[in-house]
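The values are calculated or read from the model by the stated rules, or taken from the named source; none is laboratory data. Here the structure is a predicted model, which is why all the values come from computation and not from measurement. Counting neighbours? That spans all protein chains shown, and the Cβs are built from the backbone with ideal geometry, glycine included.
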Amino acid sequence: MRARKAVIPAAGLGTRFLPATKAQPKEMLPLVDKPAIQYVVEEAVRAGLDDILMVTGRGKRALEDHFDHAIELERQLAATGKESLLAAVQAVTNLALMHYVRQGKPLGLGHAIGCARHHVGDEPFAVLLGDDLLGEDEKLLSQMVDVCEESERTVIAVMEFGDDALSKYGVVAAEPDPDMEGVYQVTDLVEKPGKANAPSNLCIIGRYVLTPDIFDHIASTKPGRGGEIQLTDAMRAQAREKPIRAIKFDGTRYDVGLKSDYLRATVQLAVQRDDLGPGFVAFLREFMAGIDDELAG
Ligand code: G1P
């Protein structure tokens with residue numbers, strides 16, 4: 001069976017971006033002129049996942065409003081002949097079939113995914129974490145959906161990072177899969193082990209295609225790192241029963257939960273835009289020349 005639903009956990013408080021996130025969800029922070037969450041939903045849709053469940057919480061109303069009709073705004077744009085803006089506003093509403101469920105208590109990523117059980121039912125599904133943005137040309141998610149369909153196994157995405165990252169990510173032990181080019185068989189998973197306990201430098205990034213038996217594993221997962229119910233721990237239990245697969249990704253990824261990556265993503269996306277790119281590149285050249293002059297003293 002092929003995954004056709006995506007789950008996007010969006011209940012986090014966004015403390016790293018305070019005060020910007022005091023009165024708005026972090027998922028609504030814009031990159032150029034689209035909120036971060038819209039890039040993630042668009043990626044899911046490109047991979048054929050147009051049934052989307054967001055797991056939200058208090059203070060996340062703006063997410064639902066963003067993907068819903070804005071009748072007055074649309075009327076106003078139509079009446080004033082602003083056709084392209086009207087199209088941009090309506091395109092967001094028509095992107096996907098959106099559903100929402102609230103997590104209630106912040107008990108961890110595993111728990112948030114567990115809240116999707118009723119909606120997902122007995123089929124494989126994708127999970128996209130909103131802090132991870134991938135380049136718009138990347139095909140990672142559709143590859144993962146393909147591998148899950150073919151192998152009937154959970155598929156995760158990993159990247160090789162330096163030692164500093166080993167306390168920030170789930171880390172896996174894995175061996176190349178003899179039957180599938182570019183695919184790994186995962187033999188162990190540990191949540192944020194740190195350098196001393198890490199089985200490798202292969203870190204889990206925020207894209208998963210999970211088989212539905214994960215829900216039983218989540219239900220029996222005890223609080224782990226940080227006192228939270230960790231998805232990594234549930235997948236570890238799952239892997240013991242049914243080996244899971246990993247795809248190693250080496251394309252463009254931003255962790256927009258980090259201010260430095262958020263800024264990089266903003267600059268790169270602006271440069272790629274036909275309407276803004278040329279003028280912005282000219283500005284960047286001048287700006288960098290100024291910095292170089294300053295450094296040369
Ligand atoms: C979560 C997962 C972790 C994964 C990471 C990817 O951590 O628990 O295993 O490596 O996402 O971004 P978080 O960033 O929510 O702390």
Number of the condition not met by M159 [criteria: (1) within 12 Å of R245 (Cα to Cα); (2) in a strand (DSSP E or B); (3) in contact with a Phe, Trp or Tyr (Cβ under 9 Å, 6 or more places away or on another chain)]:
(1)
How about segment 218-233: which of its residues are under 21 Å from A126 (Cβ atoms), within 16 Å of the ligand (Cβ to nearest atom) and over 22 Å from the mean Cα position of the chain (by Cα)?
T221
Out of all the residues in segment 176-193, which are in a loop (DSSP other than H, G, I, E, B), acidic (D, E) and surrounded by fewer than 17 Cβ atoms within 10 Å (Cβ to Cβ)?
D179, E181
Being at pLDDT below 95 and either within 30 Å of D146 (Cα to Cα) or surrounded by 21 or more Cβ atoms within 10 Å (Cβ to Cβ) (or both) is the filter here, so list the residues in segment 17-59 that pass it.
D50
So, first residue within 16 Å of M144 (Cβ to Cβ) and touching a residue at least 24 places away in the same chain (Cβ under 8 Å) in segment 175-186, second residue acidic (D, E) and assigned to a strand (DSSP E or B), Cβ within less than 7 Å, six or more apart or across chains; the pairs are Y184/E175; Q185/E175
Going residue by residue through segment 60-77, is there one that turns out to be within 17 Å of the chain's Cα centre (by Cα) and not in a loop (DSSP other than H, G, I, E, B)?
yes
Within segment 63-88, how many residues turn out to be within 29 Å of L107 (Cβ to Cβ) and surrounded by 15 or more Cβ atoms within 10 Å (Cβ to Cβ)?
3
Members of segment 234-251 that are touching a residue at least 12 places away in the same chain (Cβ under 8 Å) and away from the ligand (no atom under 15 Å from the Cβ)
E241, K242, P243, R245, D250, G251
Of all residues in segment 187-217, which are touching a residue at least 40 places away in the same chain (Cβ under 8 Å), farther than 25 Å from I8 by Cβ and within 15 Å of the ligand (Cβ to nearest atom)?
D188, N201
Positions within segment 93-117 being surrounded by 19 or more Cβ atoms within 10 Å (Cβ to Cβ) and assigned to a helix (DSSP H, G or I), in sequence order:
L109, G110, H111, A112, I113, G114
Please tell me if E138 is part of a loop (DSSP other than H, G, I, E, B) and in contact with a Gly (Cβ under 7 Å, 6 or more places away or on another chain).
yes
